[in-house]
Amino acid sequence: MANRPSFEEYNEYFGRYIDLVPEGNIVEILEHQLRETDQLFSSLTAEQADYRYAEGKWSLKEVLGHIADNERIMSYRLLRIARGDQTPLPGYDQDILMDGAPFETVTLPDLLAEYTYVRRATIALLRGLPDEAWTRTGNVAGRESSARAWAYILAGHELHHVNIIRDKYLA
């Protein structure tokens, strides 16, 4: 699957994520991200994992937990759309999810393992999609979007956070 979604396949808000995704096969891009994110977080100490670059910002453990939670939600959207389910899907508030998340009490290795399981599940889902499923569309938060767009959005969302990590946390 190497065809990028067109502008008509997603809410313009998500263009900021899709624009970050390099050209190429999206499954291979997600596999590459898995390796890179694993290396990035595996290199952190427990102290670094609890670091916040400013008051009110998430710790690195919270960022990783958020990436995994967000991927679960986006993969669910992708699955429903790819299978042809036309039931409108709601949006979500990341701050509410973070308020209820226990990421500060979970070890970094456990969070990294959870992220890895989630990403591997996403990759397995994408590998099994028939060609026609990629361009199926459904309604998410009042806007039409394709299954293909959600694959790119979740890849771009992770890239967005990895860029912030490199610029703000590890600079």
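The values are calculated or read from the model by the stated rules, or taken from the named source; none is laboratory data. Predicted, not measured: the structure shown is a model, and the values here were computed from it. As a convention, Cβ positions derive from the backbone with ideal geometry for all residues, glycine included, and neighbour counts pool all protein chains shown. What goes into the accessible areas is simple: the full protein's heavy atoms, side chains included, and nothing from ligands, DNA or RNA. Shrake-Rupley method; radii C 1.70, N 1.55, O 1.52, S 1.80 Å.
Summary of computed values
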| item | result |
| --- | --- |
| Evaluation of residue 76 against (1) open to solvent by 50 Å² or more (accessible area, probe 1.4 Å); (2) of a type in the set (Phe, Trp, Tyr); (3) over 14 Å from the mean Cα position of the chain (by Cα) (one fails), failing number | (3) |
| Tally, over the range 130-143, of residues that are touching a residue at least 40 places away in the same chain (Cβ under 8 Å) and out of contact with any Lys or Arg (no Cβ under 9 Å at 6 or more places or on another chain) | 5 |
| Inter-residue pairs, beta-carbon under 6 Å, first assigned to a helix (DSSP H, G or I) and in the range 155-171, second of a type in the set (Phe, Trp, Tyr) and modelled with pLDDT of 95 or more, 6+ apart | 156/17; 157/17; 160/17; 168/53; 169/53 |
| All positions within the range 80-106 that are open to solvent by 60 Å² or more (accessible area, probe 1.4 Å) and within 19 Å of residue 26 (Cα to Cα) | 83 |
| Lone unmet requirement of (1) at pLDDT 95 or above; (2) surrounded by 12 or more Cβ atoms within 10 Å (Cβ to Cβ); (3) in contact with a helix residue (DSSP H, G or I) (Cβ under 9 Å, 6 or more places away or on another chain); (4) under 29 Å from residue 52 (Cβ atoms) for residue 166 | (2) |
| Among (1) open to solvent by less than 20 Å² (accessible area, probe 1.4 Å); (2) more than 12 Å from the chain's Cα centre (by Cα); (3) closer than 18 Å to residue 42 by Cβ, the one test that residue 146 misses | (3) |
| Matching residues, the range 107-143, being β-branched (Val, Ile, Thr), open to solvent by 40 Å² or more (accessible area, probe 1.4 Å) and part of a helix (DSSP H, G or I) | 135 |
